[in-house]
Amino acid sequence: MSGDCDFGLMGLAVMGENLALNVESRGYKVAVYNRTTSKVDDLIEGRAKGKNFVGTHTVEEFVKSVKRPRKLMMLVKAGPAVDAIIDQLIPLCDPGDIIIDGGNTLYSDTERRTKLVEEAGLLYVGCGVSGGEEGALKGPSMMPGGSKEAWPHIKEMFQAVSAKVGPNNDIPCCEWVGPRGAGHYVKMVHNGIEYGDMQLICEAYQLLREVGGLNNEELYDVFAEWNEGELQSYLIEITRDIFSAKDDQGGDAFLVDKILDVAGAKGTGKWMSQLALDLGVPSTLVTTAVFARGLSAQKEARVRASKTLNGPSESMNPEMRAAAMKLVGDRADFVESVRHALYASKIVSYAQGFVQLQAASAEHDWGLDYGNAALLWRGGCIIRAQFLDRIKDAFEADSNLENLLLHPFFKKAIEDAQAAWRTVVASAAILGIPVPAFSTALNYYDGYRLERLPANLLQAQRDYFGAHTYQRVDKDGWFHSEWLDLRKQPK
Ligand code: 6PG
């Protein structure tokens, strides 16, 4: 038996509730279910009142109320809850029904679940959804992957629900990504890039505040201006707004100054770093951003250390400090240099994200379309930015582009920014301001562009102590040397 709902949504936390309202607002009838059933009643009596919803109190009722082939989406905490729901749904569904996971799931779980659900005669979609509460309600970026046969059934609805971009606002930020866990992997890389962007913005903030001496009102103006140019993005826009918000607990202080400097993390950035290590690709921006959050979380240890460990105080090294301040220039120059450093580092961060996607796609045989991934991130999601148009164009012109840094547009952008970028990193080091993401980006750039790195010495060391062998620049093959015989003999 099946009902007349077009879509079913399980899990009515804020994202689920907003996505259900979004789907209904596009002309679909929506069944909803939540384990704590009072949430269903609250929605039906509240925000969904008078709308085309069916509230259900059991999983059976939920499944039965949706038309076949059923499109049943869950937006629940990633992990065992998803497996538990799949186990409940499988016996209640009919062949060809589609189970969709819209959470921030680890891609390997989606690989496993796609197989399991397909073996049960159903279809499975792991769909990355980005955009936070507002995106879910008004138009998120959606990254579906899994059983390809599911796509024709969900395409129209998902594209209607998703964010739109382009001159006529009609290009949906939702396209089929690839088989099995490909959609969730692309979402994870989105989140890792989000980590990098956020860390870079935070480093710019610290520099502007501590070296440039800018107050919150001035920071607001700087971010407002940056948001008009090549850095235009959602994260720059909300950062601008944050600098204008006053404390909601009373008083005249800015809220940002009242927030404890301890960063949280739910884990997608960490996954991307771990998987980069597994693939052997240097995604240093996200990894640095994850570690920077970790260091911030050691607040008590930092407070203790701050009372003991010295940095380059003015009295310690006046000449060097004066030289750094000279490098920094006047305030307007410095703001402009930080903008360049941020832009160049951001390019490196995206370049790394796409290199990781390429490596993962090759490893898992997903056949990812990188221009498509950039298109999905152009609107609705947290990293949405003008700059993604350029990335999309770059991969459309050359689908095998090895690294974004090699594309003429980004090559020139880095060349234009690099003097300022180097000045910012060097002065931050002299002045004792941590800029881990700015500097790791610069180090990646310099490492990537050098034909010869010191790994020859490293290979010699490995061969010396462990007979690990090495390759030569002048002959093919693997060699081992008797370093103890070759070395300068001790007297
Ligand atoms: C999005 C976000 C979202 C993520 C939060 C929090 O795309 O809408 O990426 O999926 O959960 O940004 O992530 P952290 O708690 O790890 O910072």
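The values are calculated or read from the model by the stated rules, or taken from the named source; none is laboratory data. Note that the coordinates shown come from a computational prediction; the quantities given were computed from them, not determined experimentally. Here Cβ is always computed from backbone atoms with ideal geometry, including for glycine, and neighbour counts include all displayed protein chains. For the accessible areas, the whole protein counts, side chains as well, though only heavy atoms, and no ligand, DNA or RNA atoms are used. Shrake-Rupley method; radii C 1.70, N 1.55, O 1.52, S 1.80 Å.
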Label model pair R331, Q471: point-to-point distance (7 angstrom along the Cα→beta-carbon line) in nm is 5.4 nm
Cα gyration tensor of segment 19-70, axes a ≥ b ≥ c as square roots of the eigenvalues: rounded (a/c below 1.5), prolate (a/b > b/c) or oblate? oblate
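Ignoring ligands, DNA and RNA, what percent of the accessible area of segment 73-208 is carbon or sulfur (1.4 Å)?
54 percent
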Return the loop-located trypsin sites (Lys or Arg not before Pro) in segment 44-127 (DSSP other than H, G, I, E, B) with at most 10 other Cβ atoms within 10 Å of their own Cβ; answer none if there are none. K49
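When DSSP beta bridges are limited to those with both residues in the chain, what percentage is antiparallel, rounded to the nearest 5? Before the final figure, lay out the partial values.
On the way: 11 of 33 bridges.
Close to 35 percent.
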Stick to Cα atoms and the Kirkwood definition of Rh, then tell me Rg/Rh for segment 341-488. 1.09
Pair E210, R26: separation of 7 Å Cα→Cβ label points (nm): 4.6 nm
Expressed as cubic angstrom per residue, what is the convex hull volume of the alpha carbon set of the chain? 211 Å³
How much mean residue ellipticity at 222 nm does the chain get from its helices, if each DSSP H run of length 4 or more adds -39500 (n - 2.57) and you divide by all residues, to the nearest 500 deg cm²/dmol? -17000 deg cm²/dmol
Mind checking the full-extension length gain between H480 and E451? Use 0.36 nm per residue of separation minus the Cα-Cα distance, one decimal, nm. 8.1 nm
Mean accessible surface per residue for the chain, computed with a 1.4 Å probe while every protein chain stays in place, in Å²: 48 Å²
Summarise the accessible area of segment 360-443 (1.4 Å probe, protein heavy atoms) by the percent that is carbon and sulfur. 48 percent
Run the 1.4 Å probe and let me know the accessible area of K411, rounded to the nearest 10 Å². 100 Å²
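Which whole-number percentage describes the relative contact order of segment 195-328, with Cα contacts under 8 Å and a sequence gap of 6 or more? Show your work: numbers first, answer last.
Working: 93 pairs, mean separation 26.1, N = 134.
19 percent.
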Solvent exposure, largest accessible area first (probe 1.4 Å, DNA, RNA and ligands not counted), of T239, T58: T58, T239
Once amide hydrogens are built 1.01 Å from N within the peptide plane, the residues lying 5 or more places from M73 or on another chain with amide H under 5 Å from its amide H are G8, L9, M10, I100
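Taking 8 Å as the Cα distance limit and 6 or more residues as the minimum spacing, I'd like the relative contact order of segment 70-151 as a percentage.
For segment 70-151, the relative contact order is 27 percent.
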What residues of segment 16-53 lie in the reach of a label at A84, counting those whose backbone N is under 14 Å from a point 7 Å from the Cα along Cα→Cβ? 34-37
Cross-link list K71/K148; K29/K64; K71/K187; K411/K475; K29/K155; K77/K187: which exceed 25 angstrom alpha carbon to alpha carbon? K411/K475
Just grab the label-to-label distance for D365 and T36, each label 7 Å out from Cα along the Cβ direction, in nm (one decimal). 4.5 nm
Towards the positive end of the charge dipole of the chain, with charges on Cβ (+1 Lys, Arg; -1 Asp, Glu), say which of N169, F465, Q356 has the farthest Cα. F465
FRET E, pair A305, D278, Förster distance 30 Å, beta-carbon r, rounded to 0.05: 0.35
Each residue of segment 208-215 in order: what ³J(HN,Hα) in whole Hz does its phi give by Karplus 6.51 cos²θ - 1.76 cosθ + 1.60, θ = phi - 60°, with x for Gly and Pro? 5, 6, 8, 9, x, x, 7, 8
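Name the shape class, rounded, prolate or oblate, that the alpha-carbon gyration tensor gives for segment 171-254, where a ≥ b ≥ c are the square roots of its eigenvalues, rounded holds for a/c under 1.5, and otherwise prolate holds if a/b is larger than b/c and oblate otherwise. Provide the component values of the computation, followed by the final result.
On the way: a/c = 2.47, a/b = 2.24, b/c = 1.10.
Judged from the Cα gyration tensor, segment 171-254 comes out prolate (a/c at least 1.5, a/b above b/c).
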Along the Cα-to-C-beta direction of K77, a point sits 7 Å from the Cα; which residues of segment 89-115 have their amide N less than 17 Å from that point? 102-106
Kirkwood-type radius of segment 1-88, with distances r between different C-alpha atoms, in Å: 12.7 Å
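Assuming R0 = 51 Å, what is the FRET efficiency of N317 and R112, from their Cβ-Cβ distance, to the nearest 0.05?
It comes to 0.35.
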Compute the relative contact order of the chain as a whole-number percentage, counting only Cα pairs closer than 8 Å that sit 6 or more residues apart in sequence. 13 percent
